[in-house]
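Have a look at the structure below before the remarks.
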Amino acid sequence: MPPALPDGDTPPDDGALPASAAVGAQDRAFGVYLHVPFCTVRCGYCDFNTYTATELGGGASQASYAETALREIELGGRVLAGLPGRPVSTVFVGGGTPTVLPPGDLARMLDGVRSTWGLAPGAEVTTEANPDSVTPESLAALAAAGFTRVSFGMQSAVPHVLATLERTHDPARIPDVVRWAREAGLKVSLDLIYGTPGESLDDWRASVEAALATGVDHVSAYALVVEAGTKMAVQVRRGLLDLPSEDDQAAKYEVADDLLTAAGLRWYEVSNWARTDADRCHHNLAYWRGDDWWGIGPGAHSHVGGVRWWNVKHPRAYATRLEAGLSPAAGREVVAGESAQLERVMLGVRLAEGLPLEDLSASARSAVAGLVADGLLDGAAAVGARGPRRALLTRRGRLLADAVVRALTD
C-alpha cells in the first residue's frame, strides 16, 4: 500500500504559486519529473505510488495516461509563466515502470515538456525501466524521441534474491539490455539493492561484479528498507523472512564501494557512483542541491522557490481533477527557517562535494571537530586544505550519515 500523503495547506484550484516562488528563480536549475504509476506486478518490498491493472479499476486507463499527464504539463506552463524563463535541464520518467507504456506515449509526454518549457542544450532525459520491459526497438525509439539515459532496475544478479524481492526478470538478460541501450546511443545506469533477506555477502559481491561486467558508467546501490504496509513487512512480522543486521548492511556497502572504486567509478552521493562527472544523474543532483522541479503524475511532488506541493495519489482522482480543469495538487507547504536548514544539511552532506561550513549554524560548526575526531568527517576538508572549508563524509561517515546530520542540526 503506497504511503499516505503528508499534511499541508490546501492549494488553490488553479495551482497558482505565491510571489515568493519567483525570487531567485533565474539562479536555480529547473527539472521535470514524470511519474508513471503502472507496474505489471507489485513487488513485495515496494511502497511507491504504483498500481497494477487489477488494482486500478475503471477511470484510470494506461492507454489514456499520456493525455492526462499532458494536461498537467499545460497547467504547469500556465502556473510558471510569470517566473523567469528557464529551459528544462533534466527530465526523469520514473514509476512504477514507465516502459510498460508504449515508447510513443513516453515520447508524447517528453514533447509536451519540450513545447511547454523548452529543453536546455544537452539536457539529460532519463527513463527508468525493468529489464523485461524493453526491446532493442523500444530503446531505439526512446533515443530517437530525445531520451539520453535509461536506468534499469537490476536489483540483483542472484535468482533466489530476485525471487525474494518478487522481481520478474531473468538476470541473464541484464548484459543484453545494457548492450541494446548503448547501441541505441543511450547512457545506462544499473540500480542494485543490498540487504534482501537471505542474501549472503557472496551473493551481493556477485551482483556488483555482474553489474560491472556490463561496463556501465553509473551504478546506484541502495540498502533495502522494509516499509510498513508492504507485503514484505508482513512476512518479516510473521517470521517468514529475517532482516539482515546493521553490520551485514555495512559490510555490503563497503564491498560495493571497494569494487566500484576499483573499477573506476567514484561515489558522488552516498548511494551513487559514476565513472565521470558527465555520467552522474544530474536530475537527482538537482534534488540534493535544492533546485526547482515540477512533478507530473499522481502522488508526484514538486518544489519551486521553497514551495513544495504534492498531487492526489490515485490515478483516477488525478485524472478526474485535471479533466475538470483543476490542479491535481492535494496539499502544499512553504519550506523555510529551520525546516529549510534541516533539508539543506540532510541532502547536502550526502554529496561528495561536501557541504560548505558557512551553510551551517554556529552551533553546528562547533560539532565539526568532534565528527572529524570520530572519523565521520574528512579533516583536511574541514580545515580547508583543498579549498573552502566543507563538511565531507568519510566512508565511515557515509555509513553513519544520519548520525552526522543529527549532529549538524541539533
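Here are some notes:
- Some residue of region 173-183 being closer than 24 Å to Tyr45 by Cβ and more than 22 Å from the chain's Cα centre (by Cα): yes
A quick yes/no check of all residues on (1) assigned to a helix (DSSP H, G or I); (2) surrounded by fewer than 18 Cβ atoms within 10 Å (Cβ to Cβ); (3) of a type in the set (A, V, I, L, M, F, W, C); (4) within 21 Å of the chain's Cα centre (by Cα):
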residue	(1), (2), (3), (4)
Ser61	no, yes, no, no
Glu72	yes, no, no, yes
Gly77	yes, yes, no, no
Leu80	yes, no, yes, no
Glu137	yes, yes, no, no
Leu142	yes, no, yes, yes
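- Matching option when the condition is in contact (Cβ under 8 Å) with a residue 60 or more places away in the chain and touching a Leu at 6+ places or on another chain (Cβ under 9 Å), among Ala319, Ala300: Ala300
- Sole exception among (1) in contact with a strand residue (DSSP E or B) (Cβ under 7 Å, 6 or more places away or on another chain); (2) over 19 Å from Leu70 (Cβ atoms); (3) open to solvent by less than 40 Å² (accessible area, probe 1.4 Å) for Leu285, by number: (1)
- Listed conditions (1) part of a helix (DSSP H, G or I); (2) in contact with a helix residue (DSSP H, G or I) (Cβ under 9 Å, 6 or more places away or on another chain) are all met by Glu199, apart from (1).
- Annotation: of all residues in region 234-267 being acidic (Asp, Glu) and part of a helix (DSSP H, G or I), the one that is surrounded by the fewest Cβ atoms within 10 Å (Cβ to Cβ) is Asp247.
- Here Ala107 does not fit the description of being open to solvent by 50 Å² or more (accessible area, probe 1.4 Å), at pLDDT 95 or above, within 22 Å of Trp180 (Cα to Cα) and part of a helix (DSSP H, G or I).
- Filtering region 370-392 to residues that are assigned to a helix (DSSP H, G or I), among the hydrophobic types (A, V, I, L, M, F, W, C) and within 12 Å of Val404 (Cα to Cα) leaves Leu371, Val372.
- Within region 202-224, being assigned to a helix (DSSP H, G or I) and either at pLDDT below 95 or in contact with a Phe, Trp or Tyr (Cβ under 6 Å, 6 or more places away or on another chain) (or both) holds for one residue alone: Trp204.
- Screening the candidates Thr261, Thr214 for the property of being out of contact with any Pro (no Cβ under 8 Å at 6 or more places or on another chain) and of a type in the set (Ser, Thr, Tyr) yields one hit, Thr261.
- Selection count, region 366-394, where residues are touching a strand residue (DSSP E or B) at 6+ places or on another chain (Cβ under 9 Å) and surrounded by 15 or more Cβ atoms within 10 Å (Cβ to Cβ): 13
- Screening Glu343 against (1) surrounded by 19 or more Cβ atoms within 10 Å (Cβ to Cβ); (2) within 20 Å of the chain's Cα centre (by Cα); (3) without any contact (Cβ under 8 Å) to a residue 60 or more places away in the chain leaves a single unmet condition, (1).
- Looking only at region 147-196, residues that are surrounded by fewer than 23 Cβ atoms within 10 Å (Cβ to Cβ), part of a loop (DSSP other than H, G, I, E, B) and of a type outside the set (A, V, I, L, M) come to 7 in all.
- Per the listing Thr10, Thr40, the residue uniquely of a type in the set (S, T, N, Q) and surrounded by 12 or more Cβ atoms within 10 Å (Cβ to Cβ) is Thr40.
- Some residue of region 235-252 being under 30 Å from Ala145 (Cα atoms), modelled with pLDDT of 95 or more and aliphatic (A, V, I, L, M): no
The values are calculated or read from the model by the stated rules, or taken from the named source; none is laboratory data. As the structure is a computational prediction, the values presented were derived from the model and not from experiment. Quick reminder, even Gly has a Cβ in these numbers, built from the backbone with ideal geometry, and neighbours come from all protein chains shown. Keep in mind that these areas ignore ligands, DNA and RNA; they rest on the heavy atoms of the full protein, side chains included. Shrake-Rupley method; radii C 1.70, N 1.55, O 1.52, S 1.80 Å.
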